[in-house]
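The values are calculated or read from the model by the stated rules, or taken from the named source; none is laboratory data. Bear in mind the structure is a predicted one, so any value in this text is a computation, not a measurement. Cβ coordinates were reconstructed from backbone atoms using ideal geometry, including for glycine residues, and neighbour counts include every protein chain displayed. To get the accessible areas, we keep the full protein, side chains included, count just its heavy atoms, and leave off ligands, DNA and RNA. Shrake-Rupley method; radii C 1.70, N 1.55, O 1.52, S 1.80 Å.
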Amino acid sequence: MILFKEFIVALVSGLILAISSFLWKLAAHRRRFKDLPKPPHSFLFGHLALFSSVARQLPGKIPIAVAINRIQAQFNLPDLWYLDLWPLADPFLITGDLAIASQFLNDYPRHPIVLKQALQPLVGGTRGLVSPDLSEWHSSRTMIRTAFSITNVQRFVPTMARYSMQLREALLKRATIGNPFPMIGPLEKWGADLTFHFLLGKDTGVQRGGWGAEANTQVQALVAAADHPFSVNPWTLRQQKKARNLCQDYVRQMISKALKDTLQRDQPVGHDQFVSVIDSLVTKYREEYPGRTQWDADTLVQHVDTLATMFLAADVSSMVLTYIFCHVAQDRAVAAELRKEHNSVFPGNMQATLETICRNPSKIKELPYTTAVIKESMRLRPPGLSGTTAPNGHTVNYKGTEHSLDGCFLLTNLFRLQYNDDYVPSPLTFNPSRWLPHPSAELADSWRPFQRGQHSCMGENMMMPGLVTALLLTVRDVDIALAYDDGDICLPPELGGMAYMEGNFAAKPAKGLPVTVTKVAH
Ligand code: HEM
């Protein structure tokens, strides 16, 4: 009996201690925000309640960055402000200011939570490009750099053009059927064909139903896993993890086999031929360990993780192209201007255009309006950027006030930066001409859909010409019209209207952009 009483006393004292320690930490944490720029703040919930109420007003799968941008607009916040999501996350320090964005993105590495909770669980590993060890991450970037060089990418342009011809065929087939369909479908396959070939050095036939089609299904399932609804139910979590592991095993085994096969092959890539990412990794390994025909386990796992990270990039490319078509579909004048430019630089016949590209790949650089359409679309609908973290003691100066960066999740709000009317006049208008003949320094500098600095996209060199070939080989022959239903959710235009963004990895237009396609009569 006495023992039981002592147990109860100890339990109650422990509880009181835990509650007081939590309250003490809570008070200390919330006090930190007292005089900082922020939306209305609650002692008990910080900004958790506010964030969830704003997110609840938006459709379920909207990117977190859009909800954050909504809060900034709703409370008319300055371009440096705080969001207090403790105890769920570190305080967010959010900016839409160009100089501060440069500091956040150029000077600092990814926040560890981005690696641990977003990238590593998708990749299914912790090495190579998703390694927390900065020297390993850096050496992985260095090892694949040659594959992304301008000369090498130029050699890949004819291959990208052939995949864009396959996309054209798929769209023309849809035109004969006539029914609405989600545009994301054929574009996902196009993006996968380009990316898989660039990484593996061979045609995996995604659009043609080859083995790459199954690999793409698994990659898409992995990306979808990033948007599974949050659950506390251990059974649901276990099932989600199991499904994700199955996709990862498939993708990782495929990469591992490709790495082993390429190392076994003794045929070197020709002097002036395109070198895939996997070939460049093999060349580096052979230089380091002459005569070896087997990977050492450590290097193999590092490369599998690096390649798995880049397989996910196929999805970003298709998201970008879907939004480009979305903008072109809504503006007949833009479609007409694109056709005019394509007809003035290339032959009217698509087969002859393809042959011209194969003979002279750099000719696609002669399409400034097409490039401007791509840039303008990416300005309005950018994929997200990762948050970064600064070493202790670093500060940022905003309008004369120093702000400590200690313990903050530093987030560049791309929707604000690229829509900021300090840098872009009439920012909500889709106006490709603002890029021509040359963009203003502010417009060029605030455009960051490929990131800049430490974690800048290595695929930019490759995807920009890839997107140009896709437009060049389709727009003159196909007319696209949006086919949303009257009852579909429509958000304000700055959020994309009916084609609002869905998903957190590479947000796509709602319902995958329903469209109808008609063949253009020449
Ligand atoms: C239009 C399509 C694409 C867009 C908009 C895009 C955008 C981005 C962005 C925003 C980042 C920085 C991510 C971060 O902040 O952590 C990034 C990084 C990267 N992307 Fe892309 N990407 C695209 C396509 C590709 C493709 C096709 C590849 C490869 C074949 C690729 C390879 C990379 C690599 C290697 C990194 C660097 C990762 C690191 O430093 O850890 N990207 N990309």
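Evaluate the following for residue 494: is it outside the structural domain of residue 69 (by TED's automatic domain parsing), of a type in the set (Asp, Glu), more than 16 Å from the ligand (Cβ to nearest atom) and buried (at least 17 other Cβ atoms within 10 Å of the Cβ)?
no
Among the criteria (1) open to solvent by 50 Å² or more (accessible area, probe 1.4 Å); (2) at pLDDT 95 or above; (3) within 15 Å of residue 101 (Cα to Cα); (4) within 13 Å of the ligand (Cβ to nearest atom), the one residue 397 does not fulfil is (4). In this entry, residue 62 passes the filter for residues that are of a type in the set (Val, Ile, Thr) and either farther than 22 Å from residue 404 by Cα or open to solvent by 70 Å² or more (accessible area, probe 1.4 Å) (or both). Give the residues of region 491-520 that are over 21 Å from the mean Cα position of the chain (by Cα) and in a loop (DSSP other than H, G, I, E, B), sorted by residue number. The answer is 491, 492, 520.
A count restricted to region 164-191 and to residues that are of a type outside the set (Asp, Glu), within 16 Å of the ligand (Cβ to nearest atom) and touching an Asp or Glu at 6+ places or on another chain (Cβ under 8 Å) stands at 1. With respect to being farther than 30 Å from residue 32 by Cβ and open to solvent by less than 60 Å² (accessible area, probe 1.4 Å), residue 359 falls outside the description.
Cβ-Cβ distances below 9 Å connect the following pairs, each with a first residue in region 103-116 that is away from the ligand (no atom under 11 Å from the Cβ), a second residue that is open to solvent by 40 Å² or more (accessible area, probe 1.4 Å) and among the charged types (D, E, K, R), and a separation of six or more residues or different chains: 106/452; 113/90. For region 354-378, residues that are in a helix (DSSP H, G or I) and either closer than 20 Å to residue 436 by Cα or small (Gly, Ala, Ser) (or both) total 16. Is region 502-517 home to any residue that is of a type outside the set (Asp, Glu), within 22 Å of residue 161 (Cα to Cα) and open to solvent by less than 50 Å² (accessible area, probe 1.4 Å)? Scanning region 502-517 turns up at least one residue that is of a type outside the set (Asp, Glu), within 22 Å of residue 161 (Cα to Cα) and open to solvent by less than 50 Å² (accessible area, probe 1.4 Å).
Checked against the criterion of being polar (S, T, N, Q), in a helix (DSSP H, G or I) and within 30 Å of residue 478 (Cβ to Cβ), region 234-256 contains not a single residue that satisfies it. Starting from residues that are farther than 18 Å from residue 368 by Cβ and in a loop (DSSP other than H, G, I, E, B), keep the ones in region 424-448 and report whichever is nearest to the ligand (Cβ to nearest atom). Per the stated criteria, the residue is 448. Count of region 121-152 residues, restricted to those that are β-branched (Val, Ile, Thr), farther than 10 Å from residue 309 by Cβ and more than 9 Å from the ligand (Cβ to nearest atom), is 5. Across region 451-490, the number of residues qualifying as more than 8 Å from the ligand (Cβ to nearest atom), among the hydrophobic types (A, V, I, L, M, F, W, C), open to solvent by 10 Å² or more (accessible area, probe 1.4 Å) and part of a loop (DSSP other than H, G, I, E, B) comes to 3. When 430, 409, 415 are screened for being at pLDDT below 95, surrounded by 12 or more Cβ atoms within 10 Å (Cβ to Cβ) and at negative phi, only 415 passes. For region 68-86, residues that are open to solvent by 50 Å² or more (accessible area, probe 1.4 Å) and aliphatic (A, V, I, L, M) total 1.
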